[in-house]
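The values are calculated or read from the model by the stated rules, or taken from the named source; none is laboratory data. Quantities reported herein were computed from a predicted structural model and do not represent experimental measurements. Please note: Cβ atoms are built from the backbone with ideal geometry, for glycine as well, and neighbour counts cover all protein chains shown.
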Amino acid sequence: MRAVYVLCVRQLKRYVRSPARIVGSLGQPVVFLLALGFGLGSIFKRAGAGNYFDFVAPGIIAMGIMFTAVFSGIEIIWDRQFGFLKETLVAPVSRLEIVIGRVLGGAIVAMLQGFAVFIVCIAFGFRIHNWALLPVALVFMFLISLLFTSIGTAIGSVLQDMQGFPLVMNFLVMPLFFFSDALFPMKGLPKILEGALRLNPVTYGVDGLRGAFSSAFAFSIITDFAVLIVLSAVLLSIGSYLFSRIQL
């Protein structure tokens, strides 16, 4: 498992050595947080639904994790074009170890990015009702990271055009984010839209985060964990299979 460790450390070094990437990845979540959290807060409060900033913050944290995690897949295309991937694939280790190392490294990086967004939320006034459940929230952050890093790995293993990757991501990640309960509560929605939200894995990740911060789960903590763990395992398996079929 040394290869897994080495690849994880490599991903973390790339992240730490790029402060511009860290700051740049915070831009979109902060804009959403300020524009929606404060912009719609008064309307949400007048509707008798409570503090909208506290409601939307877990969704914005999930968004920061999702985009960082998915775009870790572009590194596969980058490494392929510049020959680094060939050096990795000819190493005397299994491709499964390579995938696990890359996915775990990317998931840890995405989780760190999500934690940075969490700190920003705290600075702007986000309130945690039960600090004892903070470790549970960190576990949910990691599961969301693992899920979307696996998606990025699967897509990065198939695509060879670096310019096409962001386009695919925008057609996948943005709909998943907007058609979840990240920005609006599920209660009271039309049945068709509510059904779409229930089929969306992001809904369970956001519900897990929101429940850990507020002790109020729309589903249950077991359901949220089960959905994320099963989907992460399935997508990691798909990503591993597609990565194993990469031709040198």
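Details
- Taking each residue of region 131-157 that is more than 13 Å from Phe225 (Cα to Cα) and looking for partners that are of a type in the set (Gly, Ala, Ser) and outside any helix (DSSP H, G or I) with beta-carbon atoms closer than 8 Å, six or more apart or interchain, yields Leu133/Ser215.
- Residues that are farther than 24 Å from Phe165 by Cα and surrounded by fewer than 24 Cβ atoms within 10 Å (Cβ to Cβ), drawn from region 134-149: Leu134, Pro135, Val136, Ala137, Leu138, Val139
- Residue match in region 207-223 (condition: among the basic types (Lys, Arg) and over 24 Å from Gln113 (Cα atoms)): no
- Residues of region 206-244 that turn out to be crowded, with 20+ Cβ neighbours inside 10 Å, over 16 Å from the mean Cα position of the chain (by Cα) and among the aliphatic types (A, V, I, L, M), as a count: 1
- Given (1) touching a residue at least 60 places away in the same chain (Cβ under 8 Å); (2) within 14 Å of the chain's Cα centre (by Cα); (3) in a helix (DSSP H, G or I), number of the condition Pro175 does not satisfy: (1)
- Among the candidates Val93, Val120, Val99, residue that is on the phi < 0 side of the Ramachandran plot, surrounded by fewer than 24 Cβ atoms within 10 Å (Cβ to Cβ), part of a helix (DSSP H, G or I) and not acidic (Asp, Glu): Val120
- Check on Thr88, assigned to a helix (DSSP H, G or I) and at pLDDT 75 or above: no
- Yes/no for Gly73 being assigned to a helix (DSSP H, G or I) and at pLDDT below 90: yes
- Residue list for region 184-204, restricted to those being in a helix (DSSP H, G or I), among the hydrophobic types (A, V, I, L, M, F, W, C) and touching a helix residue (DSSP H, G or I) at 6+ places or on another chain (Cβ under 6 Å): Leu197, Val202
- From the options Asp224, Asp207, Asp181, residue that is charged (D, E, K, R), part of a helix (DSSP H, G or I) and in contact with a Gly (Cβ under 9 Å, 6 or more places away or on another chain): Asp224
- Only a single criterion out of (1) in contact with a helix residue (DSSP H, G or I) (Cβ under 6 Å, 6 or more places away or on another chain); (2) in contact (Cβ under 8 Å) with a residue 12 or more places away in the chain is not satisfied by Phe217, namely (2).
- Residues within region 150-180 that are in contact with a Lys or Arg (Cβ under 8 Å, 6 or more places away or on another chain) and either surrounded by 14 or more Cβ atoms within 10 Å (Cβ to Cβ) or basic (Lys, Arg) (or both), tallied: 2
- Single residue of Phe115, Phe126 found to be more than 19 Å from Asn170 (Cβ to Cβ), in a helix (DSSP H, G or I) and modelled with pLDDT of 85 or more: Phe115
- When every residue of region 184-205 is checked against the conditions, none turns out to be modelled with pLDDT under 90, surrounded by fewer than 22 Cβ atoms within 10 Å (Cβ to Cβ) and under 16 Å from the mean Cα position of the chain (by Cα).
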